[in-house]
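Novice: Below is the structure I would like to discuss, written out as structure tokens.
The values are calculated or read from the model by the stated rules, or taken from the named source; none is laboratory data. Note that the coordinates shown come from a computational prediction; the quantities given were computed from them, not determined experimentally. Every residue, glycine as well, gets a Cβ built from its backbone with ideal geometry; the counts of neighbours run over all protein chains shown. What goes into the accessible areas is simple: the full protein's heavy atoms, side chains included, and nothing from ligands, DNA or RNA. Shrake-Rupley method; radii C 1.70, N 1.55, O 1.52, S 1.80 Å.
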Amino acid sequence: MKNSYLLSDFTKNTLSLNFQGELTLCTITSFQKELEKLSYNDVVKIVINLNDVSYIDTAAAILISKIRYKANTQKIPVELVCENGNFLKTIQLVENKVDFKTPIPHTQTLTFLEKTGYIFSEYYRGFVAFIAFFGELFVTKFRYLTSLHKIRYKEIFFEMNESALKALGIIALTSFLIGLVVAYQSAYQLKLYGANIFIVDMLGISIFRELAPLITAIVIAGRSGSSYTAQIGAMKITQEIDAMRTMGFEPFAFLVLPRIIALMITMPLLIFVADMMAIFGGMIVANIDLHITPQLFIDRLNEVVAAKHFFIGLIKGPFFAFLIATIGIYRGLMVKDDTQSIGFNTTKSVVESIFAVIVCDAVFSIAFTNLGI
Amino acid sequence: MALIEVKNVQTVFGSKVVHNGLNLHINEGEIYGLLGPSGCGKTTLLREMVMLQEFHGGSIEVLGKKIESISERDAQELRQRWGVLFQFGALFSSLTIAENIALPLKEYTKLSKDMIETIVKFKIKLVGLQYSDAHLYPSEISGGMKKKAGLARALAMDPKLLFLDEPTSGLDPISAREFDRLILQLRDMLGLTIVMVSHDLQSIYDTLDRVAIIDNKKIAYEGTLDEVTSVKSDFIQTFFKEHA
């Protein structure tokens, strides 16, 4: 790339700026800042010479008109020496359009009170939208429950495979490791008291009642809930959802209900797998660390852990599934017309659904304890 | 002098042949159109020229560089010397219009902040936007404005070569003609070379110096618009019939 340079000369109160070479965006940087800082005190006349210039682009033209403008405001005459008609045309084009006075208006800054109000009104609107979503969901649900032939079985089975069965591997692995870790940590403590056999009681109750359902829900929220949001959000941006609406395909029936129903059916099955894998993990540690044979482990499990613990864990499944699926889909439908809001809503979807699952679990805990189950 | 030379280019998508030996050249200072029926691979060819798409045979030379065997450094330099306007603007949605236009200037030049703002303001005016639009985000403006902002961003670095993908589609007729005038003005004053894909007959006749018509995986015609109707091709006959 050719260089450009500036020969400046200040004699007899005349500032001559002699530009040389190819004046472009990239080449003017070497003198642009100095030129702007130059003060015009004592300057009576400025001469700009472009005769040794081989090419100028609009950025260079802007620089030249900037000098002319600055000189003009200080009432200093500027002489532009330029024989090339094209350069003059470029400078003319720039001077017709460019404006050194008006700054680009920026978004007005909000005061603290305005900001607070804005945030709260956003929350309020979000809350109202969620209620509206819930209402629409139930109305559609009832409409479809009364006419069973309208339920979209194909989509439900597809979603069962996509969002639950394909998650089987990761859920099995995670819960196996959790069973292993919990057993390993408690084995050491129990050994101190010689209470080796109680590891079965501890693992049985904690895994069946709490750990397996929660681990499953968290994995599903991170895996399937987020994919619901991203998928439906992208469909909103590409106007697929609008297209469905105009063609009379209710998005709630086509997209929302199949996902919720699919997840509610498969969640207890996933929890069952998590139960088995976590107990299996615990059993391995009990065998190696505490010398409890698998036979003894299973006998003891049968004896001390009532079946109700197992069923309570499974019952939580559909509730967790409902929360994860509704929040994921709701967040997907909240996506606005830009790519950033997909990321924002996906994050929100995962955080909110995990939070909702834990709150729901706490409510169950209190309710079941008070009911004496 | 030819700024772009396309020699015997072949493109295959899966089992579908899109281009089977395309040859064309684009001269400096020309406004060159790529025309043809939908699905003939005009946009694909444009994407191949700007290194977004690989081709499977032949060679493309842009500004003296063979892009099938270009080094990363040369490619990066080349990318600063052209501007690309995508069909829907492709503005960055996390930045305002002004920030979108300023981005290449901030990344690639050492100009002062004040100078960058002046350049941004000039580009905004040049493409016919208002200063009051400058702080809006892409999601807050109309399709036509997105296109103008996209052109302003493409022009930010004062490129010698400009690629436009359907620049007037989605614009109202008045804006479309303004766009045509703007393109002609830019070419005359700044000596730009412009390559565009277009379907807009009015714009084709008003702006293009030469065209290449892609039909049936080949170039059906390359040259000025005066002789285009003499070619025997179904697409050309129907497309240019009313104007002839």
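Novice: State in Å² the accessible area per residue of chain B; use a 1.4 Å probe, count heavy atoms of protein chains only, and round to the nearest integer.
Specialist: 43 Å²
Novice: How many Å² of accessible area per residue for segment A:119-182, probe 1.4 Å?
Specialist: Dividing the accessible area of segment A:119-182 by its residue count gives 68 Å².
Novice: Calculate the dipole size of segment B:37-80 relative to its Cα centre from +1 charges on Lys and Arg beta carbons and -1 charges on Asp and Glu beta carbons; express the result in debye to the nearest 20.
Specialist: Around 140 debye, computed over segment B:37-80.
Novice: With a 1.4 Å probe, how much accessible area is buried between chains A and B, both sides summed, in Å² to the nearest hundred?
Specialist: 3000 Å²
Novice: Rounded to the nearest 0.05, what FRET efficiency do A:Gln340 and B:Arg81 have when you use their Cβ-Cβ distance and R0 = 30 Å?
Specialist: 0.50
Novice: Given the peptides A:183-194, B:15-26, arrange them by the average over their residues of other C-beta atoms within 10 Å, most packed first.
Specialist: Result, highest mean first: B:15-26, A:183-194.
Novice: OK, next. Among the chymotrypsin sites (Phe, Trp or Tyr not before Pro) in segment A:309-351, which ones are in a DSSP loop with at most 16 other Cβ atoms within 10 Å of the Cβ? Mind listing them?
Specialist: Here no loop site has a sparse enough neighbourhood.
Novice: Can I ask one more? Residue by residue through segment B:209-224, which ³J(HN,Hα) values in whole Hz follow from phi under the Karplus form 6.51 cos²θ - 1.76 cosθ + 1.60 (θ = phi - 60°), with glycine and proline marked x?
Specialist: Per-residue couplings from phi come out as 8, 9, 9, 10, 10, 9, 8, 6, 6, 10, 7, 7, 7, 9, x, 6 Hz.
Novice: Roughly how crowded by other chains is peptide B:112-124, in terms of the mean Cβ count from those chains within 10 Å of each of its Cβ atoms?
Specialist: Other-chain Cβ atoms within 10 Å of each residue's Cβ, averaged: 6.
Novice: Please calculate the 1.4 Å probe accessible area of A:Met264, with all protein chains present, and give it to the nearest 10 Å².
Specialist: A:Met264 has an accessible surface of roughly 60 Å² with all protein chains in place.
Novice: How big is the antiparallel share of DSSP beta bridges in segment A:4-97, given as a percent to the nearest 5?
Specialist: 40 percent
Novice: In percent, how large is the relative contact order of chain B, given Cα pairs closer than 8 Å and 6 or more residues apart?
Specialist: 26 percent
Novice: Based on Cβ point charges of +1 for Lys and Arg and -1 for Asp and Glu, what charge dipole magnitude is obtained for segment A:4-97 about its Cα centre, in debye rounded to the nearest 20?
Specialist: It works out to roughly 380 debye.
Novice: Taking the DSSP beta bridges in the protein assembly as shown as the whole, what percent of them are antiparallel, to the nearest 5?
Specialist: About 50 percent, rounded to the nearest 5.
Novice: Could you order A:Ile298, A:Ile197, A:Ile327 by accessible surface area, starting with the largest, using a probe radius of 1.4 Å?
Specialist: Sorted descending by solvent-accessible area, the residues read A:Ile298, A:Ile197, A:Ile327.
Novice: Mind checking which lysines have their Cα closer than 30 Å to the Cα of A:Lys308? Skip sequence neighbours fewer than 8 apart in that chain.
Specialist: Reachable lysines: A:Lys166, A:Lys191, A:Lys316.
Novice: Right, here's the next one. Nearest 10 degrees is fine. How inclined is helix B:173-190 to the longest principal axis of chain B, computing both from alpha carbons?
Specialist: Tilt of helix B:173-190: around 90 degrees.
Novice: Any idea which of B:Phe163, B:Gly41, A:Gln189 is furthest toward the positive side of the dipole for the protein assembly as shown, if Lys and Arg beta-carbons carry +1 and Asp and Glu beta-carbons -1?
Specialist: A:Gln189
Novice: Enumerate the amide H contacts of B:Gly36 below 5 Å, restricted to partners 5 or more residues apart or on another chain; note that Pro and chain-start residues carry no placed amide H.
Specialist: Amide H neighbours of B:Gly36, under 5 Å, 5+ apart: B:Ile214.
Novice: I've got another one for you. To the nearest 20 debye, what is the magnitude of the charge dipole of chain A about its Cα centre, counting +1 on the Cβ of each Lys and Arg and -1 on the Cβ of each Asp and Glu?
Specialist: I would put it at about 540 debye.
Novice: For the cross-link pairs A:Lys336/B:Lys125; A:Lys12/A:Lys33; A:Lys89/B:Lys123; B:Lys42/B:Lys218; A:Lys336/B:Lys148, which exceed 18 Å when the distance is taken from alpha carbon to alpha carbon?
Specialist: Distance filter (> 18 Å) returns A:Lys336/B:Lys125; A:Lys12/A:Lys33; A:Lys336/B:Lys148.
Novice: If I require 24 Å or longer along the helix axis, counting alpha carbons, and a Kyte-Doolittle average no lower than -1.0, what helices from chain A are left? Use full DSSP H segments.
Specialist: Helices meeting the span and hydropathy rule in chain A are A:112-146, A:168-193, A:257-290, A:307-333, A:339-371.
Novice: Next up: Can you give me the long-range amide H partners of B:Glu30? Hydrogens built in the peptide plane at 1.01 Å from N, cutoff under 5 Å, separation of 5 or more residues or another chain.
Specialist: B:Ile194
Novice: Ok, one more. List the residues of segment A:30-51 that lose 40 Å² or more of accessible area once all protein chains are present, compared with their chain alone (1.4 Å probe, heavy atoms only, no ligands or nucleic acids).
Specialist: A:Gln32, A:Lys33
Novice: Dipole of segment B:94-244 (Lys/Arg Cβ +1, Asp/Glu Cβ -1, origin at the Cα centre): which of B:Pro138, B:Leu201, B:Ile214 lies farthest to the positive side?
Specialist: Of the candidates, B:Pro138 comes out farthest on the positive side.
Novice: Quick one: work out the % antiparallel among DSSP beta bridges in chain B, nearest 5.
Specialist: 55 percent
Novice: What part of the accessible area of chain A, given as a whole %, is carbon or sulfur when the probe is 1.4 angstrom?
Specialist: 65 percent
Novice: Moving on to the next point. Taking loop as defined by DSSP and a crowding limit of 11 other beta carbons within 10 Å, which trypsin sites (Lys or Arg not before Pro) in segment A:7-101 fit?
Specialist: Sparse-neighbourhood loop trypsin sites (Lys or Arg not before Pro): A:Lys12, A:Lys75, A:Lys101.
Novice: Taking the Cα centre of segment A:263-373 as the origin and placing charges on Cβ (Lys, Arg +1; Asp, Glu -1), which of A:Met334, A:Ile271, A:Ile288 is farthest toward the positive end of the dipole?
Specialist: Toward the positive end, the furthest listed residue is A:Met334.
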